[in-house]
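The structure under discussion appears below in the form of structure tokens.
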Amino acid sequence: MDGWVNETGIYENLSKRRWEYWEVSQQGIKTMVSWLCWNAPNSVYEQWSKSVLH
């Protein structure tokens with residue numbers, strides 16, 4: 001998945017059916033910080049996305 005990640009943000013992982021929040025450092029190091037299953041209710045997604053995006 002990290003081959004698709006170019007900048008910090010939320011990405012959809014189609015093979016694992018989830019959203020993932022990735023951070024990319026100034027040195028280009030990619031770290032998956034958090035993920036959320038697609039089965040989560042929309043209200044949970046909203047809360048999760050706000051928490052990871054600050």
Check: Of all residues in the range 1-38, how many are part of a loop (DSSP other than H, G, I, E, B) and either among the hydrophobic types (A, V, I, L, M, F, W, C) or surrounded by fewer than 14 Cβ atoms within 10 Å (Cβ to Cβ) (or both)?
Finding: 17
Next item on the list: Could you tell me whether any residue of the range 43-53 is within 13 Å of the chain's Cα centre (by Cα) and not in a helix (DSSP H, G or I)?
Entry: no
Next item on the list: Go through the range 6-25 and count every residue that is under 19 Å from CYS37 (Cβ atoms) and within 11 Å of the chain's Cα centre (by Cα).
Entry: 10
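Computed from the coordinates by the stated procedures, all read-outs in this text should not be read as laboratory data. A quick note: this is a predicted structure, and the numbers were derived from the prediction, not measured. With ideal geometry, Cβ positions are generated from the backbone for all residues, glycine too; neighbour counts draw on all protein chains shown.
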